[in-house]
């Protein structure tokens, strides 16, 4: 049986590239036929990266069959996985997020996790000496994933290990990291073709605080005004998205990559309460700027309070 490799819903560059990388490694070096899959349409940066390195985007799957062999990457959260995941045959989890709980497997599995910025950093270590045998297109995917998750080393999640691997890959590929990262971020910043609902779901995760369910959405961009110019429409779309996704509120953080700050939209009293309790921020307007806030994993989710 072919092993399916996939990441989380609302796939970003890491959750698009990591399945392709690990499917290559399993097929080439573990004698395990494997194919990458997606759990949704990837963002514009991920699409740019796949095309740049000569990959077709993996097929999108809505759910997973009973007993289907699979490897989960870039998440361990059942809310971000196919509904039938506990009936699949999960062989391994490779991740860099905190343990959430709720996954049930058919037997003991391999779990590889580390406090680094990117899933592929964990994969590089797992490959050992075989990492030297990666073809250029796989190296390019790996470099792209690290640059995306670290925001070209600006994110506070960046570790020395992430940076060392990225610099090594860039040297081998003869790529200027800053110039290439600028291309990636330009692709990520072009959201003109997406509806407000699509933007609110594009890079989002569900998180509950004291029984209140949030969809925590982050849009990383070098052109924040292109998104903030649509704030009225985005706020109008929030109740519909929240209702359809069975959450109480959408929280949208527009992360300005270059200025290293986030703007949180404040459409109602609940979001203003979150801003005050979580970040000590108050505003009489419908937005508030949070200097230095760039990472959902390290700075936003852990801080959320009511």
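Readers should treat all values here as calculations from the given coordinates under stated rules, not as data from a laboratory. Small disclaimer: the values here were computed from a predicted structure and weren't measured. FYI the Cβ positions are ideal-geometry reconstructions off the backbone, even for glycines, and counts take in every protein chain you see.
The stretch 273-294 and the stretch 161-234 have Cα centres spaced 20 Å apart. Distance between the 7 Å Cα→Cβ label points at residue 104 and residue 164: 4.1 nm.
For the listed peptides 13-22, 132-141, a ranking on the average number of other beta carbons within 10 Å per residue, highest first, reads 13-22, 132-141.
For the chain, modelled as a GNM whose springs connect Cα atoms under 10 angstrom apart, the maximal fluctuation among 94, 85, 175 occurs at 175.
Every pair of different Cα atoms in the chain enters the Kirkwood calculation, which places the hydrodynamic radius at 19.7 Å. Summarising the strand pairing of the chain, around 40 percent of its internal DSSP beta bridges are antiparallel.
Given only helices, namely DSSP H runs of n ≥ 4 each adding -39500 (n - 2.57), what is the per-residue ellipticity at 222 nm of the chain, to the nearest 500 deg cm²/dmol? It lands at -11500 deg cm²/dmol. Its Cα gyration tensor gives the stretch 196-303 an equivalent ellipsoid, and the semi-axes of that ellipsoid, as √(5λ) in whole Å with the largest first, are 18, 16, 14.
Sorting 238-244, 117-123 by average packing, meaning the other beta carbons within 10 Å per residue, from highest down gives 117-123, 238-244.
Three principal axis extents describe the C-alpha atoms of the stretch 119-236; from largest down they are 51, 35, 22 Å.
Each Cα pair under 8 Å and six or more residues apart adds its separation to the average, and for the stretch 1-127 the resulting relative contact order is 24 percent.
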